[in-house]
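Please read the structure below before turning to the comments.
The values are calculated or read from the model by the stated rules, or taken from the named source; none is laboratory data. All values reported here derive from a predicted model rather than from experimental measurement. All Cβ positions, even for glycine, are placed from backbone atoms using ideal geometry, and neighbour counts span all protein chains on display. Surface areas here come from the heavy atoms of the whole protein model, side chains and all, with no ligands, DNA or RNA. Shrake-Rupley method; radii C 1.70, N 1.55, O 1.52, S 1.80 Å.
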Amino acid sequence: MAKKILVVGGGGREHAIIKALKKSPDCGEIWCAPGNGGISYDAKCKNIKATDVETMVAFAAEEKFDYVVVAQDDPLALGMVDALAKVGIPAFGPNKAAARIEASKVFSKDLMKKYGIPTADYATFDDPAKVMDYIKAKGKYPVVIKADGLALGKGVLICENEEQAADGVKEIMLDKKFGASGNHVVVEEFLTGPEVSVLSFTDGKVVKPMVSSMDHKRANDHDTGLNTGGMGTVAPNPYYTPAIAAECMEKIFLPTIQAMNAEGCPFKGCLYFGLMLTPDGPKVIEYNCRFGDPETQVVLPLLESDLLKIMAACTEGTLADTEVKFSEGAACCVILASGGYPVSYEKGKPISGLTNGQLEGESNITVYHSGTALREDGTLVTNGGRVLGVTAAAPRLTAAITQAYAAAEKISFEKLHKRTDIGMRALKAIAEQ
């Protein structure tokens, strides 16, 4: 029975989810709200803010959607899944209580401490003066300062000395750069080692991890420049060996699900584990309560099973009996960003090289739209900091990287910015193994 589906959000992650859902034989009419210009080639778009829970739920009820995928963190933290349940619409994603695992850094750190889940040493504060007293007493740099709440992936500061720490505390807690998210802060020890992102499906009982990935956060080559929402990704992550995967399942993944159950807030949906492979073993840097962006753009192209079936199993509690299979291949996503991102950038630049949002005749290339808009005359233009994610899937990582970059060369817009070294660190790791 074909299901009428709504995906909540409007970026590259949502586009990747929609592309994967459309492969399911049970997927009928598919909508996205608010969506974007490029997504409108694949789904009907409705311009409702993802954070407008009341309007979104009323729209879902009116249109009689069979299933809703809440893909973005803000609406999950605001309780959209709970609100949909009240009107009898099943949804993919955690309820408000479980979404705290991302929405509050204090909640997640305290959860890990209580249940012995490995993470960085930390302390939490709501008084700016006490933060600096603690940092000075520790005297260890770099030190990490995190805003408690959601801050578009940008509320994390790595401070190299006391002066930077003082500036960071001022920025987050006094100047309120991230709004109310900065009322509380977490101060953490700085961990070292390769980073790994592992997205996992869970129904609150079992955990089925997806293929691992490696994000590239810095704006410029060689991991220099400002932190961004992500300039590219590769999957799988070569540092994440089968032995490490087994250790993570035993010490981190299952204990986290069990801890959430013990706290009375079972987690169902996609739980993202941001891990650091330290000399003392894997540790959690952060949890996200949803698919990562741009990790989803390399993970889902490698999924061989039916995404809609898996999502429904997470909602219904039947994940143990549901196949979750990934290909043995690799994928690379190169982000094409607006010049000046992540600070200031211009919008409305016409994009050339695409037909109906994709590259013609490139069967192993998918262009995911993060920040695009369609003008009334049908011209596709830039409409965000991260504009497009060009993803190639191939049997080997070297081929995926080469093909993604070759494809990216065929797309252009004024002041386009991209990194030229996505995946190079992963290739070096493979060479060293």
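Side notes on the structure shown:
- Per-residue ³J(HN,Hα) for segment 364-370, Karplus 6.51 cos²θ - 1.76 cosθ + 1.60, θ = phi - 60°, Hz, x for Gly and Pro: 9, 10, 10, 9, 9, 9, 9
- Point-charge dipole on Cβ atoms (K/R +1, D/E -1) for segment 158-211, about Cα centre, debye to 20: 480 debye
- Directionally averaged shadow of segment 214-336, computed from the convex hull of its alpha-carbon atoms, nm²: 9.1 nm²
- Its Kirkwood hydrodynamic radius, worked out from the mean inverse distance over all distinct Cα pairs, puts segment 313-375 at 15.9 Å.
- Projected onto their three principal axes, the Cα atoms of segment 47-152 cover extents of 58, 29, 20 Å, largest first.
- Cα-centre dipole for the chain with unit charges at Cβ (Lys and Arg positive, Asp and Glu negative), debye to 20: 200 debye
- Amide hydrogen proximity for residue 372: with H placed 1.01 Å from N in the peptide plane, the residues at 5 or more positions away or on another chain lying under 5 Å are 37, 38, 383.
- Long-range amide H partners of residue 27 with built H, under 5 Å: 3
- The loop-placed trypsin sites (Lys or Arg not before Pro) in segment 265-350, going by DSSP, that have at most 15 neighbouring Cβ atoms within 10 Å of their Cβ come out as 325, 347.
- Length-normalised contact order for segment 351-424 - Cα pairs under 8 Å, 6+ apart - percent: 30 percent
- Converting phi to 3J(HN,Hα) with the Karplus coefficients 6.51, -1.76 and 1.60 and the offset θ = phi - 60°, segment 204-219 yields x, 10, 10, 10, 10, x, 8, 5, 6, 9, 10, 9, 10, 7, 6, 5 Hz in sequence order, with x at every glycine or proline.
- Out of every Cα-Cα pair that segment 1-74 contains, those further apart than 20 angstrom amount to 20 percent.
- Burial order of peptide ranges 98-105, 335-342 (average beta-carbon count within 10 Å, highest first): 98-105, 335-342
- Highest-MSF residue in the chain out of 400, 330, 85 [GNM, Cα springs under 10 Å]: 85
- Kirkwood-Stokes translational diffusion coefficient of the chain, alpha-carbon pairs, 4 °C, 1.567 mPa s, µm²/s: 59 µm²/s
- Geometric descriptor of segment 281-433, per residue, is 172 Å³ (volume of the convex hull of the Cα atoms).
- Legend: residues 321, 110, sorted from most to least accessible area (1.4 Å probe; ligands, DNA and RNA excluded), read 321, 110.
- Remark: the chain carries 41 Å² of accessible area per residue (probe radius 1.4 Å; ligands, DNA and RNA excluded).
- Value of [θ]222 nm, deg cm²/dmol, for the chain, DSSP H segments ≥ 4, -39500 (n - 2.57) each, nearest 500: -8000 deg cm²/dmol
- Evaluated with a Cβ-only charge set (Lys, Arg +1; Asp, Glu -1), segment 183-285 carries a dipole of roughly 320 debye about its Cα centre, given to the nearest 20.
- Put simply, when 4-13, 166-175 are sorted by average Cβ atoms within 10 angstrom per residue, most first, you get 4-13, 166-175.
- Karplus-based coupling profile of segment 181-198, in residue order and whole Hz: 4, x, 5, 10, 10, 10, 10, 10, 5, 7, 8, 10, x, x, 8, 9, 9, 10, with θ = phi - 60° in 6.51 cos²θ - 1.76 cosθ + 1.60 and x standing for Gly or Pro.
- Alpha carbon Rg of segment 145-250, scaled by the compact-globule rule 2.2 N^0.38 Å: 1.28
- Look at the dipole of the chain built from charges on Cβ: of 310, 47, 256, the Cα furthest out on the positive end belongs to 47.
- Cα convex hull of segment 271-348 - mean projected area over all directions, nm²: 8.7 nm²
- Neighbourhood charge, 15 Å Cβ-Cβ cut-off, centred on residue 59 and excluding it, Lys, Arg +1 and Asp, Glu -1: 0
- Dipole of the chain, positive end: most advanced residue of 359, 80, 190 [Cβ charges, Cα centre]: 359
- Selection from 144, 156, 92 lying farthest towards where the dipole of segment 80-198 points positive, charges on Cβ: 92
- Here the calculated FRET efficiency for residue 87 and residue 398, from their Cβ-Cβ distance with R0 = 45 Å, stands at 0.35, rounded to the nearest 0.05.
- Sequence ranges 46-58, 292-304, ranked by mean other-Cβ count within 10 angstrom, highest first: 292-304, 46-58
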